[in-house]
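Peer 1: Quick one: the structure is below, questions incoming.
The values are calculated or read from the model by the stated rules, or taken from the named source; none is laboratory data. Computed from a predicted structure; not experimentally measured. Every residue, glycine among them, receives a Cβ derived from its backbone with ideal geometry; neighbour counts consider all protein chains shown. The accessibility values were calculated without ligands, DNA or RNA, using every heavy atom of the protein model including side chains. Shrake-Rupley method; radii C 1.70, N 1.55, O 1.52, S 1.80 Å.
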2 protein chains.
Amino acid sequence: MEVILHLRQIINEFILQLESRHEQEDLEQEEQQHRQNIRNQEAILIHLMCEVVNLLHSGASSSLELQLPRLSLVSKGGAGSGQQAQSSREPDQLSHQLSDSKTAFISCYLSNRGIDFSALYQSNLQDFIAYKGDKYHEDKNTLGFINFGLSENKHCIDLLTERLSQSDMNYIDDDLLQYPDWKGHAFLREEVARFLTYYCKAPDLLDPGNVVVLNSSLSVFLTLTMVLCDPGDAFLIPTPLYSGFTLTSHLYSKVELIHIHLQSKMDTQTFQLIMDKLEKALLEAKFKGEKVRGLVLCNPNNSLGNIDTLDSLKEYLEFAKRHNLHVIIDETYMLSEFRASIPFHSVLNMKSLPDPNRTHVIWGTSKSFGISGFCFGTLYTHNKEVVSAVGAFGFLHGIAGLTQHKLCRLLQDGEWIDNVYLPTNRSRMQVAHRYITNKLKTMKVRFLSRGSGLYIWVNLKEYLDPCTFEEEQLFYRRFLDNKLLLAPGKAYMCKEPGWFRLTFTDKPFRLKVAMQRFSEALTHKKQNWIEKQLENALVESVSSPSTRRSSSSSSSSSSPSSSLSFSSSSFVNVDTSHF
Amino acid sequence: MEVILHLRQIINEFILQLESRHEQEDLEQEEQQHRQNIRNQEAILIHLMCEVVNLLHSGASSSLELQLPRLSLVSKGGAGSGQQAQSSREPDQLSHQLSDSKTAFISCYLSNRGIDFSALYQSNLQDFIAYKGDKYHEDKNTLGFINFGLSENKHCIDLLTERLSQSDMNYIDDDLLQYPDWKGHAFLREEVARFLTYYCKAPDLLDPGNVVVLNSSLSVFLTLTMVLCDPGDAFLIPTPLYSGFTLTSHLYSKVELIHIHLQSKMDTQTFQLIMDKLEKALLEAKFKGEKVRGLVLCNPNNSLGNIDTLDSLKEYLEFAKRHNLHVIIDETYMLSEFRASIPFHSVLNMKSLPDPNRTHVIWGTSKSFGISGFCFGTLYTHNKEVVSAVGAFGFLHGIAGLTQHKLCRLLQDGEWIDNVYLPTNRSRMQVAHRYITNKLKTMKVRFLSRGSGLYIWVNLKEYLDPCTFEEEQLFYRRFLDNKLLLAPGKAYMCKEPGWFRLTFTDKPFRLKVAMQRFSEALTHKKQNWIEKQLENALVESVSSPSTRRSSSSSSSSSSPSSSLSFSSSSFVNVDTSHF
């Protein structure tokens, strides 16, 4: 390790030398050939050094986690410089996200963006990968991970398995085995239009020509941002937001997501997007010189489970129209209501959209049918230019023909959906939701849940001491130690530390074990806090008994148990009807 | 139409004014706020004008095909300027490709890149879409299109349908319906490693940890270029090349493909990549300041059907190693040999790769098994960093779990592959190839075919008068008028006009009709040429009989029939063993 650290120092110094040399070079534009030679020499030297370090690390790790100024390492040529300038404009939350984990490393093989993507993968998915390799099983692996961080609906896999096993699903013809129209097979687009007409209660029949089918809702989001924005353009988006949007913008489209932070305390309605916030956010962005192209909405909301009222939706769309903004509205969680106080309204339900050519709806079967493994997402937009441009990406985000057939058959079977799937799913969701919320209530844990979505937005602020994102991350890892994955609020760019998204749409036996683990983690955290307080008290009483009272009162720490006692009604707008 | 043309002129003038205003503005950096106001005003004006034009066009067309300086229209802000500089560095062949079709239009809705992508889609896929909507059918649609431009193997759909209909294919479990590991399900990656070990004759067992599974070979190529290159970096690539590489680089990765033009006349070996060309191309690129990150190879080659010898492959890889270049080698056409004089060798067959950490192999089932509709591609690389970085893209290029299961079962069934599929496919390919090449021989059409791939590289230079890409495109459209799609050489960046790629792996009844249509198009072309010559002769004899002889000899036109008479043996290296 010492050798590596020493090498790291040498490499750092060398890079500093290179950088200063580059600065000089910039002043002497005429010596191009000479400069090229120097660069080649540098590249070889850097390569050799990397090789030495790799050699030392060989076998142990595939990536070198050295905190080097890596952006200055590779992309020195004129070719990449434009992009590099642009990279520095990326949303700050992403660099923040990256800096949280051990992500910076040097590589002789990857490009700068390759290094970024790899780091992103490692930091975002390592726990998911760990879960995949060590899943809980009631008989075979009782000590495995339970994943309540992932938004998956596992309630009705039995129903789906049964339906998907029926003989009509296994149809094969020549067309299904060959290249489809890249926008999706016509039969599936027709079925999607019919399905959305019915379930979105559209006033008129929706047009299959307005449908594009891709291999996930996120692919649809990605391609929309690709065709509506140039790199560096911005979209307004309320937070908490779906973390996939952030990842996608970073990987491909380089679109800046300007956060409109919704909060629990400061708004008149908890975590509710209000018009003032929208107008203010747009004004501020314009003032900063941002090129705002649109607004991203998510209804029902991931991660809050909120449903927008029809009036709110109209307001948002009218606002967008006033400012010539596109609206990307993700309705992936449609049909996931289980006891909503506000009925869900798709924007496709409106008699007339304020700006139909700038309103683009995303939907998929991952959440509505609990089949995320189907990798299916769809776009509905009246704008034929957008249909055509998004369709251009089909050959890189396509779905197998046989899968398209299965999806078509599934969406076609209205009788099964209405009489079997939807009622069963709803009732199972209700039971699970009741079980979890009762448990939370017993534990005196506050939460937000408005009867839609696959999760509960849980408030664990009181367990953080101090209430910071660092503590949130530590608490997340504490749950992980207990073999329970939760989704911390920071992943959704929530502005307040201490929120977690807890998925409840799982089988009863897993719910039970998960809540035991959850409870244990909370108890453990409380005990730790008490021990810490006792320790502090002991140290204080030994060192300076006279100052005990004043130092204790000046501490920023608050007791988890004592803070539990403040009024809940004004703090989190919990829908108590679900208890 | 006149109104539109007038409007177009007004808009053009207005844009010129705007541009000159921008130039002035650039000189006055300090008045930022003022400038922003002007820009907003401009945006509104442009928007209004677009609306007027759209109104006039409404119903007729979704895109306005006005030749406007569109790049100067939208992206004026600082945010996009980096990317804009970079866009100007894009491969010139693409802008060339775009300028061929009516692609430039203004849009109030799309971004600059959105406009580009839409144009790309329109220009590249409109004929494919026409074909999809009007396919030939022996009973139901005898006047429909036959597609010999698409590289699909339709020979063994019956065998595949039968195999895929067996009960083992329809297995469903919970894991298959949920999010997989983004690199692909472990069971499939294991099977891919085993499959490649066997069919590539790898000296040691290949490691499933080196496999990533995505939703097409092209997605694998894309993600490789994303993680190995920064925007503006370059890869060397011999032409003719697979057109998907060009499209992909343009859509997402912004990697420059530096063409190494292989030619029929100038090389010692027809269309063969020789080391001198490689060295020279790299030197030239470096001299121009290009940051060359690697070399793309395709073996067996799409569109030539060439197979690289093991010695050639070693030379290429050694060359790459000497210059620290990555090698992306696309072996998608593996198992498509039907009568190859040179046996196929995968690079995975080598005892030791010269630079294993920079050698990345692509494979998929589209061509080897004739199931392009499965959307499956895979990466094999020893470089764990690349595996990890490419894996990061899985959530945007994923495959449905049920499809992964089917693929796994297919690859697993060695007995069926070895005893049923491969021998049947090979023998059917031989029969079809013999049929087509005999027809071509009868028509005195020259071609190149080396016993691998799904196509024949056909030389129709003699039918072009003059021999230009414009004439090639006209000839392509002539075939299209005859309801036959071929793939013109220009789509593959072939440097010589007059080559066409003709897919022969189709059912006998379609082969027959297609060759009738092909023959008719040729006859028609010949007749046209004769009529033209007669007309010219007539005009000349009437206007100035004395100059007839000299003007006729100075004409650059050459008779298709007369040019047919020159020696074929020195011109195209046809493997006559296939006749």
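Peer 1: For the structure I just gave you, tell me whether A:Leu241 is away from every other protein chain (no Cβ under 12 Å), crowded, with 20+ Cβ neighbours inside 10 Å, in contact (Cβ under 8 Å) with a residue 24 or more places away in the chain and part of a strand (DSSP E or B). Before you say what the answer is, go through the steps one by one.
Peer 2: Details: away from every other protein chain (no Cβ under 12 Å): yes; crowded, with 20+ Cβ neighbours inside 10 Å: yes; in contact (Cβ under 8 Å) with a residue 24 or more places away in the chain: yes; part of a strand (DSSP E or B): no.
Against the criterion (away from every other protein chain (no Cβ under 12 Å), crowded, with 20+ Cβ neighbours inside 10 Å, in contact (Cβ under 8 Å) with a residue 24 or more places away in the chain and part of a strand (DSSP E or B)), A:Leu241 does not qualify.
Peer 1: In the list B:Gly377, B:Gly391, which residue meets the criterion of being in contact with an Asp or Glu (Cβ under 9 Å, 6 or more places away or on another chain) and either at pLDDT 95 or above or not acidic (Asp, Glu) (or both)? Walk me through it before giving the result.
Peer 2: Values: B:Gly377 fails: in contact with an Asp or Glu (Cβ under 9 Å, 6 or more places away or on another chain).
Of B:Gly377, B:Gly391, the one residue that is in contact with an Asp or Glu (Cβ under 9 Å, 6 or more places away or on another chain) and either at pLDDT 95 or above or not acidic (Asp, Glu) (or both) is B:Gly391.
Peer 1: Select from the stretch B:192-209 the residues that are open to solvent by less than 10 Å² (accessible area, probe 1.4 Å) and within 14 Å of another protein chain (Cβ to nearest Cβ) and list them in ascending order. Can you show your working first?
Peer 2: Step one: filter the stretch B:192-209 for residues open to solvent by less than 10 Å² (accessible area, probe 1.4 Å), giving B:192-193, B:195-196, B:200.
Within the stretch B:192-209, none qualify.
Peer 1: Among (1) within 25 Å of A:Ala340 (Cβ to Cβ); (2) modelled with pLDDT under 95, where does A:Leu511 come up short?
Peer 2: Against the list (1) within 25 Å of A:Ala340 (Cβ to Cβ); (2) modelled with pLDDT under 95, A:Leu511 comes up short only on (2).
Peer 1: If you take the residues of the stretch B:161-191 that are within 10 Å of B:Pro208 (Cβ to Cβ) and among the aliphatic types (A, V, I, L, M), which of them is most open to solvent (accessible area, probe 1.4 Å)?
Peer 2: Of the residues in the stretch B:161-191, the ones within 10 Å of B:Pro208 (Cβ to Cβ) are B:183-184, B:186-191.
Imposing the further condition that a residue be among the aliphatic types (A, V, I, L, M) reduces the set to B:186, B:188.
Values: B:Ala186: 51, B:Leu188: 0 Å².
Here the answer is B:Ala186.
Peer 1: OK, next. Can you find, within the stretch A:329-358, the residue that is nearest to the chain's Cα centre (by Cα) among those that are more than 18 Å from A:His382 (Cα to Cα) and of a type in the set (A, V, I, L, M)?
Peer 2: A:Met334
Peer 1: So, one more: Going through B:Ser341, B:Ser336, B:Ser368 one at a time, which residue ends up being of a type in the set (Gly, Ala, Ser), open to solvent by 10 Å² or more (accessible area, probe 1.4 Å) and at negative phi?
Peer 2: The conditions single out B:Ser341.
Peer 1: Now, a different point. Only one of these conditions is not met by A:Tyr316: (1) closer than 30 Å to B:Lys254 by Cβ; (2) buried (at least 22 other Cβ atoms within 10 Å of the Cβ). Which number is it?
Peer 2: Of everything listed in (1) closer than 30 Å to B:Lys254 by Cβ; (2) buried (at least 22 other Cβ atoms within 10 Å of the Cβ), A:Tyr316 misses just condition (1).
Peer 1: Please enumerate the residues belonging to the stretch B:128-155 that are facing chain A (nearest Cβ under 10 Å) and within 23 Å of B:Gln430 (Cβ to Cβ).
Peer 2: Listed by number, the residues that qualify are B:Asn147, B:Leu150, B:Ser151, B:Glu152, B:Asn153, B:Lys154.
Peer 1: Could you tell me whether B:Leu511 is closer than 15 Å to B:Phe148 by Cα and under 19 Å from the mean Cα position of the chain (by Cα)? Spell out the reasoning first.
Peer 2: Numbers: closer than 15 Å to B:Phe148 by Cα: yes; under 19 Å from the mean Cα position of the chain (by Cα): no.
Against the criterion (closer than 15 Å to B:Phe148 by Cα and under 19 Å from the mean Cα position of the chain (by Cα)), B:Leu511 does not qualify.
Peer 1: Could you tell me how many of the residues in the stretch B:217-231 are closer than 10 Å to B:Phe376 by Cβ and within 7 Å of another protein chain (Cβ to nearest Cβ)?
Peer 2: Of the residues in that region, 1 qualify.
Peer 1: Now for a different question. Only one of A:Arg446, A:Arg477 is without any contact (Cβ under 8 Å) to a residue 40 or more places away in the chain and among the basic types (Lys, Arg). Can you tell me which? Show your work before the answer.
Peer 2: Working: A:Arg446 fails: without any contact (Cβ under 8 Å) to a residue 40 or more places away in the chain.
Just a single option satisfies the conditions, and that option is A:Arg477.
Peer 1: If you check B:Lys183, B:Lys132, B:Lys154, which single one turns out to be assigned to a helix (DSSP H, G or I), charged (D, E, K, R) and at pLDDT below 95? Write out each step before concluding.
Peer 2: Numbers: B:Lys183 fails: assigned to a helix (DSSP H, G or I); B:Lys154 fails: assigned to a helix (DSSP H, G or I).
After applying the criteria, what remains is B:Lys132.
Peer 1: Over 25 Å from B:Pro356 (Cβ atoms), part of a helix (DSSP H, G or I) and not aromatic (Phe, Trp, Tyr): does that describe B:His250?
Peer 2: On the way: over 25 Å from B:Pro356 (Cβ atoms): yes; part of a helix (DSSP H, G or I): yes; not aromatic (Phe, Trp, Tyr): yes.
When the stated conditions are applied, B:His250 passes them.
Peer 1: Given the conditions (1) exposed (fewer than 15 other Cβ atoms within 10 Å of the Cβ); (2) modelled with pLDDT of 95 or more, and given that A:Ser562 satisfies all but one, which numbered condition is not satisfied?
Peer 2: It is condition (2) that A:Ser562 fails.
Peer 1: What single numbered condition from (1) over 27 Å from the mean Cα position of the chain (by Cα); (2) surrounded by 14 or more Cβ atoms within 10 Å (Cβ to Cβ); (3) modelled with pLDDT under 85 fails to hold for B:Val539?
Peer 2: (2)
Peer 1: Restricting to the stretch A:376-392, what's the tally of residues that are more than 7 Å from chain B (Cβ to nearest Cβ) and open to solvent by less than 10 Å² (accessible area, probe 1.4 Å)?
Peer 2: Initial filter on the stretch A:376-392 (more than 7 Å from chain B (Cβ to nearest Cβ)): A:376-382, A:387, A:390.
With the extra rule that they be open to solvent by less than 10 Å² (accessible area, probe 1.4 Å), the set shrinks to A:376-381, A:387, A:390.
Summing the residues that are more than 7 Å from chain B (Cβ to nearest Cβ) and open to solvent by less than 10 Å² (accessible area, probe 1.4 Å) in the stretch A:376-392 gives 8.
Peer 1: In addition: Would a scan of the stretch B:116-127 turn up a residue that is open to solvent by 40 Å² or more (accessible area, probe 1.4 Å), more than 9 Å from every other protein chain (Cβ to nearest Cβ), assigned to a helix (DSSP H, G or I) and within 30 Å of A:Thr359 (Cα to Cα)?
Peer 2: In the first step, residues of the stretch B:116-127 are kept if they are open to solvent by 40 Å² or more (accessible area, probe 1.4 Å); the result is B:122, B:124, B:126.
The next check asks that each one be more than 9 Å from every other protein chain (Cβ to nearest Cβ); those that pass are B:126.
Checking which are assigned to a helix (DSSP H, G or I) leaves us with B:126.
Filter again for within 30 Å of A:Thr359 (Cα to Cα), leaving B:126.
Yes, that holds for at least one residue.
Peer 1: Across the stretch B:102-115, which residue is most open to solvent (accessible area, probe 1.4 Å) among those that are modelled with pLDDT of 90 or more and among the hydroxyl-bearing types (Ser, Thr, Tyr)?
Peer 2: Applying the first criterion (modelled with pLDDT of 90 or more) to the stretch B:102-115 yields B:109-115.
If we keep only those that are among the hydroxyl-bearing types (Ser, Thr, Tyr) as well, we get B:109, B:111.
Numbers: B:Tyr109: 22, B:Ser111: 1 Å².
Restricting to residues being modelled with pLDDT of 90 or more and among the hydroxyl-bearing types (Ser, Thr, Tyr), the top hit is B:Tyr109.
Peer 1: For the stretch A:393-406, how many residues meet the condition of being open to solvent by less than 10 Å² (accessible area, probe 1.4 Å) and more than 8 Å from chain B (Cβ to nearest Cβ)?
Peer 2: Qualifying residue count for the region: 2.
Peer 1: Now a separate question. Tell me, yes or no, whether the stretch B:273-291 has at least one residue that is within 12 Å of chain A (Cβ to nearest Cβ), in contact (Cβ under 8 Å) with a residue 40 or more places away in the chain, within 26 Å of B:Val387 (Cα to Cα) and part of a strand (DSSP E or B).
Peer 2: No, the stretch B:273-291 contains no residue that is within 12 Å of chain A (Cβ to nearest Cβ), in contact (Cβ under 8 Å) with a residue 40 or more places away in the chain, within 26 Å of B:Val387 (Cα to Cα) and part of a strand (DSSP E or B).
Peer 1: Among the residues in the stretch A:261-284, are any over 28 Å from A:Ile342 (Cα atoms) and touching a helix residue (DSSP H, G or I) at 6+ places or on another chain (Cβ under 8 Å)?
Peer 2: Our first condition is that a residue be over 28 Å from A:Ile342 (Cα atoms); within the stretch A:261-284, this holds for A:283-284.
Filter once more, keeping what is touching a helix residue (DSSP H, G or I) at 6+ places or on another chain (Cβ under 8 Å): none.
Checked the stretch A:261-284: no residue is over 28 Å from A:Ile342 (Cα atoms) and touching a helix residue (DSSP H, G or I) at 6+ places or on another chain (Cβ under 8 Å).
Peer 1: Let me ask you something else. Could you grab the pairs with beta carbons closer than 7 Å, sequence gap of 6+ or different chains, first residue in the stretch B:483-494 and closer than 16 Å to B:Leu143 by Cα and of a type outside the set (Val, Ile, Thr), second one in a strand (DSSP E or B) and open to solvent by 20 Å² or more (accessible area, probe 1.4 Å)?
Peer 2: Listed pairs, sorted by first residue: B:Lys483/B:Phe145; B:Leu485/B:Phe145.
Peer 1: Residues to consider are A:Ile258, A:Ile328; find the one that is in the same structural domain as A:Val220 (by TED's automatic domain parsing), on the phi < 0 side of the Ramachandran plot, crowded, with 24+ Cβ neighbours inside 10 Å and not in a helix (DSSP H, G or I).
Peer 2: Working: A:Ile258 fails: crowded, with 24+ Cβ neighbours inside 10 Å.
Of A:Ile258, A:Ile328, the one residue that is in the same structural domain as A:Val220 (by TED's automatic domain parsing), on the phi < 0 side of the Ramachandran plot, crowded, with 24+ Cβ neighbours inside 10 Å and not in a helix (DSSP H, G or I) is A:Ile328.
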